[in-house]
Amino acid sequence: MLRLVWYGLQFRRTVVHRQTVVRLEIIPSPPVPAGWLDGLENNQSGGKSMTLGHSLNLSATLLLLLGLAVFAGPASAQQSSEVEAVKAVNQAFYRALSDQSMKAMKSVWANKPYVVNIGPRSKKLIVGYENAVVNYWPRTFERFSEIDVKLTSIAHIQVNSKLASIVGTERAVLQPKGGGEPRRFDLFVTNLFEKVGDQWQMISHHAQRIPS
C-alpha cells in the first residue's frame, strides 16, 4: 500500500486481486509551518491578498489531480494492455479459422477439460479439449474448400484479472467442397478467454446464426 498525505487530504493506493484501488480521505490538518502567513496575507505585488485557506484549497485541488494521474494511471494502462492482448488472441482465432490451420487453432485454445465449442450447426454442447478443438475443427475444415469468417462488430468486451469475454457479430462465407454457391450468413458470437500463465487463451466459442 502507498500513502500520500497533504494538508487535509490523504491518498491511499492498495492492490486488491491485482486491481488498483485509490482512496481519498480527509484527515486533520497538521500545524501550519512558521512563516507561511507572511506573504499570504499581504500580496507584495499590490493585488488582492490570498488567504491561507485559499492557498491550501488550491494546493489540495492540484494534488487531487496529481494523485489521480499518478495512482490510477498505471492501473488504466495495464487494463488497456490486457484488453489489447485479448483482442489479439481473438483475431488469431479468426485467422486460424479462415486459414484452416489446426496448428494455429490449437495454439489459440486452452488445453483444458472445460473448454466449450458451440458452432452454428451444433445441436449439443461440445465440451473438452479433445472434442471441442482436436476433433471439431478438422471435421469443419473437411467440409469446405474455403472459409472466410470475420468479426464484424464488438458490442461488448470485458476483461478481468483471469477471465475475459468478447460479444459481437461475425460474417461467414463458406465454400462447400462439393461445389455450388458459397454460403453467406451473419452470426451472433460470444468468445470467452482465460489467462493461462501470462497468455490469454480461448475457453469457449459460441456462434449462433442471425435469422435473415
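Each reported figure results from applying straightforward, stated rules to the coordinates on display, with no laboratory input. Keep in mind that what you see is a predicted model, and the values were worked out from it rather than measured. Cβ atoms come from the backbone with ideal geometry, glycine included; neighbour counts cover every protein chain shown.
General observations
- Count of the range 96-118 residues which are closer than 18 Å to Phe188 by Cα and either in a helix (DSSP H, G or I) or more than 25 Å from the chain's Cα centre (by Cα) (or both): 2
- Strands (runs of 3 or more DSSP E) wholly inside the range 122-212 containing at least 2 residues that are of a type in the set (A, V, I, L, M) and either without any contact (Cβ under 8 Å) to a residue 24 or more places away in the chain or within 17 Å of Val83 (Cβ to Cβ) (or both): 144-159, 163-176
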